[in-house]
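Q: If you scroll down you'll find the structure; I have some questions about it.
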Amino acid sequence: MDKLGLNINFSAVFGILVVVALLRVIMAPFPNIEPIMLFTITTALVLGPVSGFLLGFGSMIFSDLYLGLGIWSIYTSLTYGLIGILCGIFGILKRNWSRFELTLLAFFMTLLYDIITATFWAFQTMQPLPLVYTLQIPFTFLHLSNCIFAFLFAPSLIRLSMRAKRFSVSRFMRRVFTYT
């Protein structure tokens, strides 16, 4: 991958996207406890901002196809895409992340996500921002499960993403066709 993280390993991103979208659907009975933030952060840190955007945006859209599309799908998906871009840039600027730093990153990205989506929700429903932000607090506490996920699983997922980064379909196909 180039220095700016603009080359995309489509096979890795698509594979992770499918897994994340399925996990979100499976975890739907547990409101606001979603694995998308964890996977978006770890994938973007390793594979770059474009891959981070594609994973964050795509996993929300694909899971919403099953869970139900609405106007909120646009701004929630774009917000996860933005988080993917930001984390991809952070991954370019800093390569090695401690468990504590990953947890802190998940905390701040969760707050950013909730502020942006609550703001759009306020405009969508024409509710006053202070009221919406106040009513958002319990949901933000549930979303902070992202920090627990990051603390427990982020280092392992970064290692997995690094393996996925090295894998490419063309290399795999060359191996398949040279052995036949």
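Q: What residue among L131, S77, G91 has its Cα farthest toward the positive end of the dipole of the range 10-178, where the charges are +1 on Lys, Arg and -1 on Asp, Glu, each on the Cβ?
A: G91
Q: Of the listed peptides 50-59, 153-162, what is their order by residue-averaged count of other C-beta atoms within 10 Å, with the highest listed first?
A: In decreasing order of mean packing, 50-59, 153-162 become 50-59, 153-162.
Q: Let me check against my output: what whole-number percent is the relative contact order of the range 10-178, with C-alpha pairs under 8 Å and at least 6 apart?
A: With pairs under 8 Å counted, the relative contact order is 28 percent.
Q: In square nanometres, what is the average projected area of the Cα convex hull of the chain?
A: 11.3 nm²
Q: Hey, what number do you get for the chain at 222 nm if only DSSP H runs of n ≥ 4 count, each worth -39500 (n - 2.57), divided across all residues, to the nearest 500?
A: Rounded to the nearest 500, it is -27500 deg cm²/dmol.
Q: When the chain is modelled as a GNM with alpha-carbon springs shorter than 10 Å, which of L111, L82, L131 fluctuates the most?
A: Maximum fluctuation in the GNM of the chain, among the listed residues, is at L131.
Q: Order 61-72, 112-123, 13-24 from most to least packed using the mean count of other Cβ atoms within 10 Å.
A: 13-24, 112-123, 61-72
Q: Give the shape of the range 8-62 as rounded, prolate or oblate, defined through the alpha-carbon gyration tensor: a ≥ b ≥ c are the square roots of its eigenvalues, a/c under 1.5 means rounded, and otherwise the shape is prolate if a/b is larger than b/c and oblate if not.
A: prolate
Q: How much length is gained on full extension from R159 to N96, taking 0.36 nm per residue of separation minus their Cα-Cα distance?
A: Gain on stretching R159 to N96: 21.6 nm.
Q: Now for a different question. Can you give me the span-like helices of the chain, meaning DSSP H runs with 15 Å or more of Cα extent along the axis and Kyte-Doolittle mean at or above 1.0?
A: What comes out of the filter, once short or polar helices are dropped, is 10-26, 36-47, 49-67, 71-93, 99-125, 129-143.
Q: Further question: May I ask for the net charge around E101, where only other residues with Cβ less than 13 Å from the Cβ of E101 are counted and Lys, Arg are +1 while Asp, Glu are -1?
A: It works out to a net charge of +3.
Q: Shifting gears a bit: For the range 57-149, what are Rg and Dmax over the alpha carbons, in angstrom?
A: Both quantities, over Cα of the range 57-149: 14.4, 43 Å.
Only the coordinates and a few stated rules stand behind these numbers; no lab work does. Treat the numbers as computed from the prediction; the structure is a model and nothing was measured. Neighbour counts run over all protein chains shown; Cβ positions are idealised from the backbone, glycine included.
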